[in-house]
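Remarks on the structure that follows.
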Amino acid sequence: MEVFYLIAILSASLIILLKHWGLLMIQVAALIIVSLFASATFLWLIIAIQLLAGIWLLLKTLQAVDYNYQLELEKTHRIEQHWTKGHQSGTKKNFLS
């Protein structure tokens, strides 16, 4: 069960970094539900699902870092404008979209 908690906390920290509060609430609710009602037979399946979700979040975090770097290069006129074309600021509500 400790492995699940560790993966869930790391996934939640990535969700906070990506600024997606709805997904954070789902993660917290899943953590509470699993800790209260999960049986030992399904624990490895739940850990595998949480691990896959964590890997997906890690990939999205790397994409957000790349987006931020590209945005910085555009705003300092080092590369051609793509995200800031037409006087747009390039800001996003969250980085999972």
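The values are calculated or read from the model by the stated rules, or taken from the named source; none is laboratory data. Computed from a prediction, not measured in an experiment: that's the story for all the values here. Heads up, the Cβs are rebuilt from the backbone with ideal geometry, glycines too, and the neighbour counts pull from every protein chain shown.
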Give the stretch 33-46 a look and list any residue that's loosely packed, with under 13 Cβ neighbours inside 10 Å and in a helix (DSSP H, G or I), or say none. Ile33, Ser35, Leu36, Phe37, Trp44, Leu45
Starting from the stretch 24-36, keep only residues that are within 12 Å of Gln50 (Cβ to Cβ) and of a type in the set (Lys, Arg), then list their pairs with residues that are modelled with pLDDT under 90 and in a helix (DSSP H, G or I) whose Cβ atoms are within a distance under 8 Å, requiring at least 6 positions of separation or different chains. none
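More than 26 Å from Met1 (Cβ to Cβ), out of contact with any Asp or Glu (no Cβ under 6 Å at 6 or more places or on another chain) and hydrophobic (A, V, I, L, M, F, W, C): does that describe Leu36? Write out each step before concluding.
Values: more than 26 Å from Met1 (Cβ to Cβ): no; out of contact with any Asp or Glu (no Cβ under 6 Å at 6 or more places or on another chain): yes; hydrophobic (A, V, I, L, M, F, W, C): yes.
So Leu36 does not fit the description; no.
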Considering only residues of the stretch 63-96 that are surrounded by 10 or more Cβ atoms within 10 Å (Cβ to Cβ) and touching an Asp or Glu at 6+ places or on another chain (Cβ under 8 Å), which is farthest from Gln27 (Cα to Cα)? Gln81
Within the stretch 47-62, identify whether any single residue is exposed (fewer than 15 other Cβ atoms within 10 Å of the Cβ), in contact with a helix residue (DSSP H, G or I) (Cβ under 9 Å, 6 or more places away or on another chain) and modelled with pLDDT under 90, and answer yes or no. no
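Tally the residues that are under 30 Å from Ala12 (Cβ atoms) and assigned to a loop (DSSP other than H, G, I, E, B), restricting the search to the stretch 66-97. Even if it seems obvious, please write down each step before you answer.
Within the stretch 66-97, the subset under 30 Å from Ala12 (Cβ atoms) is 66-72, 83, 89-97.
Still in the running and assigned to a loop (DSSP other than H, G, I, E, B): 83, 89-97.
Adding up the residues that qualify gives 10.
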Would you say Ala30 is hydrophobic (A, V, I, L, M, F, W, C), closer than 26 Å to Met1 by Cβ, surrounded by 12 or more Cβ atoms within 10 Å (Cβ to Cβ) and touching a helix residue (DSSP H, G or I) at 6+ places or on another chain (Cβ under 7 Å)? no
